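Read the structure below first, then the notes.
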Amino acid sequence: MKKINARINLYLAACGILIILLLPVFYLLTPVSKSDTTEFLYIDGDDTQDSVLTKISAFSHTAGLTGLSTLIRHSSYADHIRTGRYAIEPREGAFVIFRHLKNGQQKSLSLTIPEVRTMDRLAAVLSHRLMLDSATIAQALTSDSVCRQLGYDTCTIAAMFVPNTYDVYWNVSIDALLTRMSNEHDRFWQGDRQAKANNMGLTPNEVCTLASIIDEETANTTEKPMIAGMYLNRLKADMPLQADPTIKFALKQFELKRIYNKLLSVDSPYNTYRNEGLPPGPIKIASIRGIDAVLNHVQHDYLYMCAKEDFSGTHNFARTYQEHLQNASKYSKALNEQGIK
């Protein structure tokens, strides 16, 4: 009997030791996330080890969180918290996640540059996707020295942004973001686009400026090369562009549906009724289709255009001012009939 009791005690002791040895393994290997899909943990410059654990607790298993908390609290993590956007996969244990956090192994995100009208709006949109706040972005985009270092000024900086989607890190710095956008711009303009601009006697900034006007004139992609050809004809003839979207930009009244004569006297370098040539810079981030419409414009002899009276979003083109007046009269009549002021 004594031998049996001794064996039982030995067995229980062994089991106890095994449990003690395996318990940490259990906590370290138990999946942290209780979700079946990938969760993302955002750590910014104000986070502490406690706030990091609080954020994780919102979507974690108790056992997994206990293991991760033990690793974080009994290491030097608090002294080296690394910002970023970290993926918490459904089956990842505490040890794997801790290693990612400690080494700064974050996941990139897809950042789409929007075709917005102002740099303030761009700053607001980007701040919702990045750790950067809108004030920091806006300050850089309106800084003479920052724009100059990138090869632009505060009027032309919009031309640097190509509205594509890019993989970036959530905690990207403002300097790194702008450098990336500058490099993407240069890559976009390599080859045929630069050659076509050179043949037209235009710089990429000038192409983007004209494209931005065309984008605001119509959403009809197929008509954009026609409009580009018309504006290029006016530039060659030393005629003012007389583009209504530039008046809206000068006034910062983008909701205007009609441009009355009294608005055409606004004192602004963007007023293409008073100033010949292109305005100082783009009136929005030009679309790629708008840019390509300028580079691949239709060659014709039209000098005037007016929105069609059927409100289709397309235009009637004219070679003479007399023809243009007739088109303008039809459109004005249609606006009046619809009560559009």
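The values are calculated or read from the model by the stated rules, or taken from the named source; none is laboratory data. Predicted model, so just to flag it, every value in this text is computed and none were measured. So basically every Cβ, Gly included, is an ideal-geometry build from the backbone, and we count neighbours across all protein chains shown. Areas reflect the complete protein model, heavy atoms only, side chains present, ligands, DNA and RNA absent. Shrake-Rupley method; radii C 1.70, N 1.55, O 1.52, S 1.80 Å.
For the pair Tyr42 and Thr112, label points projected 7 Å from Cα toward Cβ lie 1.8 nm apart.
Heavy atoms of the protein chains alone define the surface here; on that basis the chain has 54 Å² accessible area per residue at 1.4 Å probe size.
Relative contact order of the chain: 14 percent, from C-alpha pairs under 8 Å at least 6 residues apart in sequence.
For the options Arg187, Arg274, Arg289, a Gaussian network treatment of the chain with springs between C-alpha atoms closer than 10 Å singles out Arg187 as fluctuating the most. Taking Gln242, Gln190, Gln139 as the candidate residues, the one with maximal mean-square fluctuation in a Gaussian network model of the chain, Cα springs under 10 Å, is Gln190. Out of [x] -0.22, -1.69; [y] -0.38, -1.27; [z] -0.20, -1.41, which label holds the value of log10 I(q)/I(0) by the Debye sum over Cα atoms at q = 0.06, 0.16 Å⁻¹ that was computed here? Among [x] -0.22, -1.69; [y] -0.38, -1.27; [z] -0.20, -1.41, the one calculated here is [y].
Rounded to the nearest 500, the 222 nm mean residue ellipticity of the chain from helices alone is -15500 deg cm²/dmol, with -39,500 (n - 2.57) taken per DSSP H run of at least 4 residues. Pairs from the list Lys252/Lys341; Lys196/Lys252; Lys196/Lys262; Lys284/Lys308 with a Cα-Cα gap above 29 Å: Lys196/Lys252; Lys196/Lys262. Solvent-accessible area assigned to carbon and sulfur over the chain amounts to 51 percent, based on a 1.4 Å probe. The stretch between Lys262 and Arg129, if pulled fully straight at 0.36 nm per residue, gains 43.8 nm over its current Cα-Cα span.
A Förster radius of 35 Å combined with the Cβ-Cβ distance from Thr136 to Ser57 puts the calculated FRET efficiency at roughly 0.75.
Other residues whose C-beta falls under 12 angstrom from the C-beta of Thr209 contribute a net charge of -2, scoring Lys and Arg +1 and Asp and Glu -1. Multiplying the residue separation of Ala176 and Leu325 by 0.36 nm and subtracting their alpha-carbon distance yields 48.5 nm.
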